[in-house]
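The values are calculated or read from the model by the stated rules, or taken from the named source; none is laboratory data. Please read these numbers as outputs of a predicted model, since none were measured by experiment. Only protein heavy atoms, including side chains, enter the accessible area calculation; ligands, DNA and RNA are left aside. Shrake-Rupley method; radii C 1.70, N 1.55, O 1.52, S 1.80 Å.
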Amino acid sequence: MHSSNVPSRANGYRGGNYANYKNPRSDQLLDQLQRSLDPAFRRIALHEAQAIWQSDLPVLPPPVRP
């Protein structure tokens, strides 16, 4: 979900952010999560990141068919 993972010609089309999702606060939280080992901080940061993703809805999952 990090904007640096958007596949492009510049990065040889590598990265998993195929939705081209970009959000500066989400990037900031993901960067901080990579550097932190504190479980309490990680819980709070992941909760905030997930709230951002739920609000922005960068990827809409397909409907489940019975």
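Within the accessible surface of the chain, defined with a 1.4 Å probe on protein heavy atoms only, the carbon and sulfur portion equals 56 percent.
3J(HN,Hα) along region 5-20: 9, 6, x, 8, 4, 4, 10, x, 6, 9, x, x, 8, 6, 7, 6 Hz, from the Karplus curve 6.51 cos²θ - 1.76 cosθ + 1.60 with θ = phi - 60°, whole Hz, x for Gly and Pro. Just need the relative contact order of region 5-62 here, percent rounded to a whole number, with Cα pairs under 8 Å and 6+ apart. Worked out over region 5-62, it gives 25 percent. Full extension of the chain between residue 64 and residue 44 gives 4.2 nm of extra length, using 0.36 nm per residue less the Cα-Cα distance.
Report summary: the helix-based calculation at 222 nm, which adds -39500 (n - 2.57) for every DSSP H run with n ≥ 4 and divides by the residues of the chain, gives -15000 deg cm²/dmol. Rolling a 1.4 angstrom probe over the protein heavy atoms with all chains in place gives region 1-43 an accessible area of 74 Å² per residue.
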